[in-house]
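Asker: Would you mind keeping the following structure in view while I ask a few things?
The values are calculated or read from the model by the stated rules, or taken from the named source; none is laboratory data. Owing to the predicted nature of the structure, the values given are computational and were not obtained by experimental measurement. Cβ sites come from the backbone with ideal geometry, for glycine too, and all protein chains shown count toward neighbours. Remember, those area values only see protein heavy atoms, side chains included, never the ligands or the DNA or RNA. Shrake-Rupley method; radii C 1.70, N 1.55, O 1.52, S 1.80 Å.
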Amino acid sequence: MSDPQRPRASLRTAVVWDVLEEALDRRVKATGRESLDVLDTGGGSGHFAVPVARLGHRVTVVDPSPNALFALERRAAEAGVADRVRGVQGDIHGLFDVAERGAYDAVLLHGVLEYVDDPAEGVRHAVEALRPGGALSLLAAGLGGAVLARALAGHFTEAHRTLTDPAGRWGDGDPVPRRFTAEQLTEAVTGAGLEVGPVHGVRVFSDLVPGVLVDTEPGALDALLRLEAAAAELPAFHSVATQLHVLGEKRG
């Protein structure tokens, strides 16, 4: 039976959730502990934190927004996992003002690197929070997906600027401060001392398909989810994905 609380139901997060859940399962088997300690940096209102807690793990969410943390508290209570979710105000650069070094089996760094002044430092801090054998789940905006989206919308000058801009931005009105290639993210992960695992393209097709097709065509949603899953690990599609997901492991 499907669980509406789980991000698996969302086209935007299905691939990431599958990879993350498998990584947590491996960690459970490796440690012999049923309950892991998970740190979700920039976790906001708990889109991933609450489903992770529903698996039985303890989750600490670090986020700079008091409103997001209030929403997290409410979501965790509604899901019956308030005792396993803790929210603290902070950010990745000041992470160890509110979190412990070397205390977590997994760290989620989702949608954070786009907005920080020093992405490499952000990754290093996330890695320092991991225990030996722990996993880093890194999700960030992809450069190629933004180029493709601007071009398909007929904004060819903006598409070209996105392609050539060092930060991958299409203009002053671009709400995303920075985008990445798969190579840049894997280099950041290896540079922080982790072994790189699977790299996935996220939202390869779903942001390009008219929503009416998904909503009205029988079986379209399930078919699109299967297509996204099939394309996610293929390097040929990483260059056109809206987001990129990298899994890294801290060797003991």
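Asker: From the set of residues in segment 147-169 that are among the small types (Gly, Ala, Ser) and either at pLDDT 95 or above or open to solvent by less than 50 Å² (accessible area, probe 1.4 Å) (or both), which is farthest from Leu208 (Cα to Cα)?
Answerer: Checked segment 147-169; the qualifying residue farthest from Leu208 (Cα to Cα) is Ala167.
Asker: Then there's this: Output the residues belonging to segment 61-73 that are open to solvent by 70 Å² or more (accessible area, probe 1.4 Å) and touching a residue at least 12 places away in the same chain (Cβ under 8 Å).
Answerer: Matches in segment 61-73: Pro64, Pro66, Glu73.
Asker: Just to be sure I understand the filter: pairs with C-beta atoms under 8 Å, separated by 6 or more residues or on different chains, first member in segment 44-56 and at positive phi, second member part of a loop (DSSP other than H, G, I, E, B) and of a type in the set (S, T, N, Q). Which pairs pass?
Answerer: Between residues of segment 44-56 that are at positive phi and residues that are part of a loop (DSSP other than H, G, I, E, B) and of a type in the set (S, T, N, Q), the close pairs are Gly44/Ser65; Gly56/Ser35.
Asker: Would you please name the residue that is surrounded by the most Cβ atoms within 10 Å (Cβ to Cβ), looking only at residues in segment 98-115 that are farther than 19 Å from Trp17 by Cβ and within 15 Å of the chain's Cα centre (by Cα)?
Answerer: Once the filter is applied, the top-ranked residue is Leu113.
Asker: Tell me yes or no: at least one residue of segment 197-212 is part of a helix (DSSP H, G or I), surrounded by 13 or more Cβ atoms within 10 Å (Cβ to Cβ) and on the phi < 0 side of the Ramachandran plot.
Answerer: Checked against the condition, which is being part of a helix (DSSP H, G or I), surrounded by 13 or more Cβ atoms within 10 Å (Cβ to Cβ) and on the phi < 0 side of the Ramachandran plot, segment 197-212 yields no hits at all.
Asker: Kindly check whether there is at least one residue in segment 152-173 that is within 18 Å of His238 (Cα to Cα), of a type in the set (Gly, Ala, Ser), in contact with a strand residue (DSSP E or B) (Cβ under 9 Å, 6 or more places away or on another chain) and not in a loop (DSSP other than H, G, I, E, B).
Answerer: Taking every residue of segment 152-173 in turn, none turns out to be within 18 Å of His238 (Cα to Cα), of a type in the set (Gly, Ala, Ser), in contact with a strand residue (DSSP E or B) (Cβ under 9 Å, 6 or more places away or on another chain) and not in a loop (DSSP other than H, G, I, E, B).
Asker: Identify, by number, the condition in (1) under 30 Å from Leu163 (Cβ atoms); (2) open to solvent by 60 Å² or more (accessible area, probe 1.4 Å); (3) assigned to a strand (DSSP E or B) that Asp91 doesn't meet.
Answerer: (3)
Asker: Considering every residue within segment 115-132, establish whether at least one is out of contact with any Phe, Trp or Tyr (no Cβ under 8 Å at 6 or more places or on another chain), on the phi > 0 side of the Ramachandran plot and at pLDDT below 95.
Answerer: There is no residue in segment 115-132 that is out of contact with any Phe, Trp or Tyr (no Cβ under 8 Å at 6 or more places or on another chain), on the phi > 0 side of the Ramachandran plot and at pLDDT below 95.
Asker: Of all residues in segment 229-252 being loosely packed, with under 13 Cβ neighbours inside 10 Å and part of a loop (DSSP other than H, G, I, E, B), which is modelled with the lowest pLDDT?
Answerer: Gly252
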